[in-house]
1. Kindly evaluate residue 98 against the criterion of being loosely packed, with under 11 Cβ neighbours inside 10 Å and within 19 Å of the chain's Cα centre (by Cα).
2. Every residue in the stretch 53-92 that is of a type outside the set (A, V, I, L, M, F, W, C), more than 23 Å from residue 112 (Cα to Cα) and open to solvent by less than 80 Å² (accessible area, probe 1.4 Å), please.
3. What is the one condition in (1) over 19 Å from residue 32 (Cβ atoms); (2) out of contact with any helix residue (DSSP H, G or I) (no Cβ under 8 Å at 6 or more places or on another chain) that residue 100 does not satisfy?
4. Consider residue 116 against the criteria (1) surrounded by 11 or more Cβ atoms within 10 Å (Cβ to Cβ); (2) farther than 22 Å from residue 38 by Cβ: it satisfies all of them except one. Which criterion is unmet?
5. Quick check on the stretch 119-139: of everything there that is within 26 Å of residue 60 (Cα to Cα) and without any contact (Cβ under 8 Å) to a residue 24 or more places away in the chain, which residue is surrounded by the most Cβ atoms within 10 Å (Cβ to Cβ)?
6. Hey, residue 50 hits all of (1) surrounded by 15 or more Cβ atoms within 10 Å (Cβ to Cβ); (2) free of Cβ contacts under 8 Å to residues at least 40 places away in the same chain; (3) of a type in the set (Gly, Ala, Ser) but one; which does it fall short on?
7. Looking at the stretch 54-86, which of its residues are in contact (Cβ under 8 Å) with a residue 60 or more places away in the chain and small (Gly, Ala, Ser)?
8. Would you check if residue 109 is in contact (Cβ under 8 Å) with a residue 24 or more places away in the chain, in contact with a Ser or Thr (Cβ under 6 Å, 6 or more places away or on another chain), open to solvent by less than 80 Å² (accessible area, probe 1.4 Å) and not β-branched (Val, Ile, Thr)?
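The values are calculated or read from the model by the stated rules, or taken from the named source; none is laboratory data. Remember, predicted model here, so these are calculated numbers, not experimental data. Positions of Cβ are backbone-derived with ideal geometry, glycine not excepted, and every protein chain shown enters the neighbour counts. For the accessible areas, the whole protein counts, side chains as well, though only heavy atoms, and no ligand, DNA or RNA atoms are used. Shrake-Rupley method; radii C 1.70, N 1.55, O 1.52, S 1.80 Å.
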Amino acid sequence: QPDGSWKIYRDIYNSNVPTDTVAEPATDVESETEAVNAIWRENEDSLLAGDADRWIAQWAENGVQMPPNMPPRVGRETIYTAVSGFLSNFTYTEFVIENEDVEVNGDLAFARGTYAAAFVVNEGGEPTQIEGKFMTILR
């Protein structure tokens, strides 16, 4: 709309739905959010341990990672190669992921939040601090 608001434009409604149809149970967003948080804790812990094998176990075989200022990494093997290469040269000293929002739709969940981390070159030096935001789709 000219004022920036949204209005219903088209709506498809099926009036022939049988009356004995059972509605799907509502998603327990709290338990789903806890499950996503468990993934983030494992993500943090595995990176802090420098364990690329443990970290990649969280990824679907056809996962896609889209790092900033780089082409997408498509597939678990490609993602693993990049992360294991990083972990062979750097050590994370801090890593914290915070959910700000989790939405569940069927077998997909959408998580949005922030992260903060610090890492050092394995040969020594001052830590590099990074922080950012993320949007992740989980299946």
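1. On the way: loosely packed, with under 11 Cβ neighbours inside 10 Å: no; within 19 Å of the chain's Cα centre (by Cα): yes.
It is false that residue 98 is loosely packed, with under 11 Cβ neighbours inside 10 Å and within 19 Å of the chain's Cα centre (by Cα).
2. Step one: list which residues in the stretch 53-92 are of a type outside the set (A, V, I, L, M, F, W, C), which gives 53-54, 58, 61-63, 65, 67-69, 71-73, 75-78, 80-81, 84-85, 88-89, 91-92.
So of that shortlist, the ones also more than 23 Å from residue 112 (Cα to Cα) come out as 53, 77-78, 81, 84-85, 88-89, 91.
78, 84, 85, 88, 91, listed by residue number.
3. The number of the failed condition is (1).
4. Unmet for residue 116, out of (1) surrounded by 11 or more Cβ atoms within 10 Å (Cβ to Cβ); (2) farther than 22 Å from residue 38 by Cβ: (2).
5. Per the criteria, the residue is 130.
6. (2)
7. Taking the stretch 54-86 and keeping what is in contact (Cβ under 8 Å) with a residue 60 or more places away in the chain, we get 60, 68.
Within the stretch 54-86, just 60 meets the criteria.
8. On the way: in contact (Cβ under 8 Å) with a residue 24 or more places away in the chain: yes; in contact with a Ser or Thr (Cβ under 6 Å, 6 or more places away or on another chain): no; open to solvent by less than 80 Å² (accessible area, probe 1.4 Å): yes; not β-branched (Val, Ile, Thr): yes.
No; evaluated as a whole, the condition is false for this residue.
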